[in-house]
Every structure is written in structure tokens, then in C-alpha cells.
Amino acid sequence: MTQGRTALVVARRAARKAVWALLSAACLNGATGAAGADDGTAFALPDEPVASPSPRPPPLDEIVVTAQKREQSLADVPLSVTALDGERLRDGGIENLSDLSEYAPNFKLVDSGLIPNIYMRGVGSGSNQGFELSVGIFADGIHLGRPHQTRLAFLDVQRVEVLRGPQSTLFGKNTVAGALNIVAARPGRDFESRLSLNQDLERADREVEGMLSSPLGEAFGVRLALRAREREGELSNLQLQRKEPGLDDRGLRLTLDWLAGGWLDSSLKLEHSRLEQRGRRFQITHPGALTRCTGEDVQLDRNKVTDATEAAAIDSAGVTLNLKADAGPGTLNLTTGYNGFESRDLFDADSSSLDTLALFGAERFRQFSQELRMADLHWGAAEFTVGAFYQGSQLDFYEFGPTKARAGALADSPSCDANLSVLASADLERDFGIDSRAWSAFAQLSIPFGDRWRSTLGLRWVDERKQGFRRFFIYQSGTRDPADPVTLAALDRLLINEHDLDGRRQVRNLLP
């Protein structure tokens, strides 16, 4: 019984081996289309559909940013960053910072009519012309701390990076809420040209923008970009019979590149712009002491009334030099920039048809900055960046305004006779200046822990000194004579008084 069962098991094993051998031979020969048996009979495996491998999705384009002052893939940057390339900006009709604020989360620009107010996550400086911006704006490594400096930043852009959260280690000044890093387009190895014409039929807004880029041999390249814009305005000034704010804007940029033997990458950028504006985007929407008496339109209907012919003109210019050299253990970067602007404007401060207060202002700003940075340094598996920064600036602001103190304002009277009668007239003059110097040194270390974790440590030391003054004078109307005691007393009731202030301040901080 046992011998028979053992023989059966051996026979089954032999049969399985024979079947597997036959199938293996058939599959092996079937790859050539036929298999031959010993007796010459041919046979083949039946055709069966072979499952084709599922197609892989196309790889995503790598987005390279400089959010940490060196070129990195956006996926490797441990920051909250929105990166937009120039082509996407143009396709989306984004032409300035105001347009960008409708596209980038947590970033907002509000045109106040005097200067633009810029906010990141709700933090901003408002319209005080004595303050720098609370949101750090950088164009090709140059800090733009005054709103008028940002006018040419959006001409022929290669990339815009919106960095949310504090950026004090690498960017430094005024970046507690975040920073805006704007990179201008540079000459390429091929000839390029672009011309765009835009026409807004509803607002009579016309814009022409063009670009011409060409290599000059193997090592040089040149790129020229320009923009011209005209706008009629969307508000109707019923007093002056014109549309406001009218705009005439011109901008020009020339970029020169030089590649020296593959070890030095240099770029020189020259730019200039001029803006002329007629009127302001101000409209009274609630009746006040004056407008109630004059019966002016105070509805939100795009109609306004001002007696002063409001206007503004801004001339700005800048020079930026960027050098990037292969320095053996890392990459040496030098960024040097000089820029500034001059502006003049006339503002109807009472925004009504009454001749109460018109302010003429003139502002002049100059800035020089330089940064030396060593990046892509390695210490074992760790990477680090070190650098030093200097910036000096000077601001001069002058304002002059003839004013009329009305009896109703002094006595807080609802009577129109009192509101419209003039009790005192004077000329107001304000002179303001500030001189600023800032030095800083910084370092950032990035340590990997395996393939998925990384710790970034940064430290910046800042020494900033400011010295400023403000002088306010009151003169008899139409003269340079000191105002009489009656006029001074009337204006003092409105909290308008002469003063002469000056001071200096030094701040030293260690920012982790």
C-alpha cells in the first residue's frame, strides 16, 4: 500500500515536470513564431493581447526661483512662495503691482491717489510719506523702499516671486510681513522681439509695449524694452470739465550682458521713466461742512468737483550692476545699484469747489546700495550663505500751501454763512529731510536630515542710523513776512502751528 502510494506521487511529479518542460519550450520557441516537436509536428501558442504599459504623465516644468538669494527649484524652497513667470503675467494682463495684487494671495496694493499703499497679510505703512514701505520690494536685488521707486519694476519682467512671512535673514529691511522679488528679463542667445498694443474702449486706455533682444557675438547681449501708456480717466471733474485722473506714462530700459569665459556672468541695467498725471482718484461720498453749503454732488457716481487744477509729474532713473562669479568653493555675487526720483504735484486738499487749501509738493530721493554675497558653500552635507550689505539714502521734501481758515471750522457752527466766511488767510510752508545709513551682515545654514527633512538657521546683524528734520512756517498770505498773532491764534485752533524739529536715531538689532 505504501509502495503503491509512493509510486503514484512520483508519477504525478514526473507528469508535472513534463508539462512544465513542454510549456517552457513552447513559450521559448513561440517567441520566434513556431516550435518544433521531435516528430516534426509544428505548433504555436495562441495569440493573446499583451497589456501595454500605461503612459507616464509628462514631467512638470521645473520652476527656478531665487527666493533664497540663489537659484533653486521651487519644490526645494521651504517658504510660502507664489512664482509667476513673465509670459504668464502678460497672458493674464498683469501690467503693474496693482494688477498683481488681484492675482497673488495675501498681497494687496491700493491706489490712494497720493502714493500707493502696499500690504502683505494686512501689514502696510499707509500714506505717510515719511515712512518706508513695510513690505520689502526688491528688483534684481535692489531694495525699493519708496513707492515711486517701483514704477519701472514691471517692465519686461522675467519672473515675480511673492514671498509670504518674515524674510529678514537674506532680504533684510522691511520684510516682517514678506517680500516681493522681481527679476527683469535678460538678453538670450537668440534674437527676440515683441510688440503689443492694448486698447480699452471703455476707459480710453491705450498702451504700447515692446522688446528687442539680440546677442552680440558669443559673450555679449543687449535687450531694449519700452512702454508708453495714455489714459483719459474714469472720474468727471464737473468744475474743470475734464476726465480724471488722466495719465501719460513713458518708460525705457536697456540691459547689457557679458559672459566672460563661463566663470563670470555680468549684467548692467539702465532705466528711466516719466509720468504725468492730471487730477487724482479722489471723490467725496458724504456731505461735509463745505460741500453741504455749496450743494455739490457727493454721490458715488464718478463725479467730482475741485477748483485746483491737480497734477503730478514723476521722473525716475536707476542703474543696476549684477556680477556672478565662480569663486571655487562657492558662487560670489555682487549687486550694486543707484536709483532715485524727483516728483512734483499739486493737490486740492479740501477736494471741493472752494478755495480752502491747495498743496504744492516737491520730493527728491537718492539711494545707493551694495551687497556682497557668497552662496552655494558646503560644510559636509550642510549648505550655507554669508554676505554683507550697505545702503545709503537721502530724502528731501518741500510743501507749500495757501490756506483759508473759515469761521465755521473754528466755531464748529452748522451755519453756512459761518462755514463759507474766511476768518484768516496764510501761506503754509513745510520742509522735511532725512538721511539714512544702514549696514548689515548675514548668514544662513541649511542642514539636511535624511532625504525628507531639512533645518534652516539664519541670523542677520543690522546697524541703521537716521538723521532728520522738519520745519513748519506760517507766513502772511502772499508774502514772506511772519503771520500776525490773530492769524496764528486762528490756525492754532485747527492744530496748525509753527515748529522746528530735528533728531537722530540709531538702531542695532540681531535678527534670528
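The values are calculated or read from the model by the stated rules, or taken from the named source; none is laboratory data. Computed from a predicted structure; not experimentally measured. Quick reminder, even Gly has a Cβ in these numbers, built from the backbone with ideal geometry, and neighbours come from all protein chains shown. Keep in mind that these areas ignore ligands, DNA and RNA; they rest on the heavy atoms of the full protein, side chains included. Shrake-Rupley method; radii C 1.70, N 1.55, O 1.52, S 1.80 Å.
Observations on the structure shown:
- Summed over the range 241-290, residues that are under 24 Å from the mean Cα position of the chain (by Cα), open to solvent by 60 Å² or more (accessible area, probe 1.4 Å) and charged (D, E, K, R) total 4.
- One residue stands out among those in the range 477-492 that are part of a loop (DSSP other than H, G, I, E, B) and open to solvent by 60 Å² or more (accessible area, probe 1.4 Å): the one that is nearest to Ala426 (Cα to Cα), which is Ser477.
- Per-region count, the range 498-512, residues surrounded by 13 or more Cβ atoms within 10 Å (Cβ to Cβ) and either more than 22 Å from Tyr398 (Cβ to Cβ) or touching a Lys or Arg at 6+ places or on another chain (Cβ under 7 Å) (or both): 1
- Matching residues in the range 322-347 - criterion: being open to solvent by less than 50 Å² (accessible area, probe 1.4 Å), of a type in the set (A, V, I, L, M) and more than 19 Å from Leu270 (Cβ to Cβ): Ala325, Ala327
- All conditions in (1) open to solvent by less than 70 Å² (accessible area, probe 1.4 Å); (2) farther than 19 Å from Glu132 by Cβ hold for Asp463, with the sole exception of (2).
- So Ser134, is it among the small types (Gly, Ala, Ser), in contact (Cβ under 8 Å) with a residue 40 or more places away in the chain and open to solvent by 10 Å² or more (accessible area, probe 1.4 Å): yes
- Residue list for the range 182-206, restricted to those being surrounded by 13 or more Cβ atoms within 10 Å (Cβ to Cβ) and touching a Pro at 6+ places or on another chain (Cβ under 8 Å): Pro187, Gly188
- Taken over the range 142-181, the criterion of being in a strand (DSSP E or B), over 30 Å from Leu259 (Cα atoms) and open to solvent by 10 Å² or more (accessible area, probe 1.4 Å) is satisfied by Arg164 alone.
- The conditions of being of a type in the set (A, V, I, L, M), buried (at least 18 other Cβ atoms within 10 Å of the Cβ) and assigned to a strand (DSSP E or B) are met by Ile474.
- For the range 95-130, filtered to residues that are among the β-branched types (Val, Ile, Thr) and at pLDDT below 80, the residue that is least open to solvent (accessible area, probe 1.4 Å) is Ile115.
- On inspection, Ala153 qualifies as in contact with a strand residue (DSSP E or B) (Cβ under 7 Å, 6 or more places away or on another chain), closer than 30 Å to Glu399 by Cα, among the small types (Gly, Ala, Ser) and touching a residue at least 12 places away in the same chain (Cβ under 8 Å).
- Yes/no for Ala184 being modelled with pLDDT under 85, within 25 Å of Ile314 (Cβ to Cβ) and out of contact with any helix residue (DSSP H, G or I) (no Cβ under 8 Å at 6 or more places or on another chain): no
- All of Leu144, Leu133 fail the test of being hydrophobic (A, V, I, L, M, F, W, C), modelled with pLDDT of 85 or more and within 19 Å of Arg364 (Cα to Cα), apart from Leu144.
- No other residue among Leu495, Leu457, Leu423 is among the aliphatic types (A, V, I, L, M), farther than 27 Å from Arg146 by Cβ and either in a loop (DSSP other than H, G, I, E, B) or open to solvent by less than 80 Å² (accessible area, probe 1.4 Å) (or both) apart from Leu495.
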